[in-house]
Each structure stands twice: as C-alpha cells, then as structure tokens.
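For reference, the structure is listed below as structure tokens.
The values are calculated or read from the model by the stated rules, or taken from the named source; none is laboratory data. Because the structure is predicted, anything quoted here is derived from the model rather than measured. No Cβ is skipped: glycine too gets one built from the backbone with ideal geometry, and neighbour counts run over all protein chains shown. For accessibility, only protein heavy atoms count, side chains too; no ligands or nucleic acids. Shrake-Rupley method; radii C 1.70, N 1.55, O 1.52, S 1.80 Å.
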Amino acid sequence: RRLPPAMASAGSKDGGASRTPTTEELRDSIKCTDCMNALAFCFSPRHQFDLYWRQGTFDTCAKQFEELRFCYSLKTADSAKAKEMLRKLAQKPPSPTEGSVWQARPLSDPGVVAPAGPAPPAEQR
C-alpha cells in the first residue's frame with residue numbers, strides 16, 4: 001500500500017512550522033476512486049495480456065482488491081479504528097530487495113521526494 005501524500009509529507013513545513021496531519025486529513029487524502037481505477041486497470045485486457053506475455057500467468061488483482069477493501073474499511077471506520085489502521089499502514093514491511101539492491105533513506109533526507117500518488121498506467125507515461 002502506498003502512503004497518502006499527506007502522510008508521506010508529514011514532516012513538511014507549513015509556514016515555517018512543522019505540523020502532523022490529523023487522522024481526518026489522512027483519511028480524506030486516501031481516495032477510493034484511485035483504488036477502484038487501479039482495480040479496473042488490473043482487470044483490463046491490456047494489463048492481463050502484458051502480464052501473460054511477460055510471466056506466463058494472469059494477474060488475480062488481489063493486491064488492488066485488498067487496497068480497495070482497505071479504503072472502504074478506512075472510510076467507514078470510527079476515528080479510533082481509522083487511526084489504528086493508518087498507523088499499521090505507515091509500518092509497512094521493508095522490500096525484499098532493500099539492502100541488497102538499494103538502501104532506504106529517511107524522509108528527512110533532502111534528496112527524497114515524497115510520492116504524489118499512484119503512478120499512471122503505462123500507456124499514459
């Protein structure tokens with residue numbers, strides 16, 4: 001799962017003072033339509049053909065479905081539950097290639113740019 005832009009840039013400066021976004025701001029920054037679009041793209045013939053061509057298997061789209069389910073759960077959860085869900089989201093496990101292929105840098109590193117959101121589909125790049 002990707003961190004919402006508000007969570008990824010929690011250490012940014014707002015008028016000279018650093019501010020942590022509230023649970024409601026973080027909840028509002030996650031858009032279920034983005035998750036739905038990712039799921040629709042995953043099921044598209046283009047994506048399925050590309051994956052079949054490259055790997056010889058079709059995509060079950062389980063990751064995208066889980067992200068959509070998480071988004072709906074987050075939007076309907078009470079404030080305390082939403083805060084716990086966002087805390088767990090921020091504690092994502094490291095990548096299996098971290099350390100052997102690349103090194104993680106802290107968000108406070110000036111060379112790190114927080115993601116602006118999900119990447120566009122390949123044909124829009």
Over the range 55-99, give the accessible area per residue in Å² for a 1.4 Å probe, as an integer. 70
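Express the Stokes-Einstein translational diffusion coefficient of the range 20-81 in µm² s⁻¹, to the nearest whole number, given a Kirkwood radius over alpha-carbon pairs, 10 °C and a viscosity of 1.306 mPa s. Intermediate results must be reported in sequence, preceding the final value.
Details: Rh = 13.2 Å.
This corresponds to a translational diffusion coefficient of 121 µm²/s.
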Label-to-label distance, nm, for residues given as Ser29 and Val101 (7 Å Cα→Cβ offset): 2.7
Restricting things to alpha carbons, tell me how big the range 43-107 is in terms of Rg and Dmax, in Å. 16.7, 45
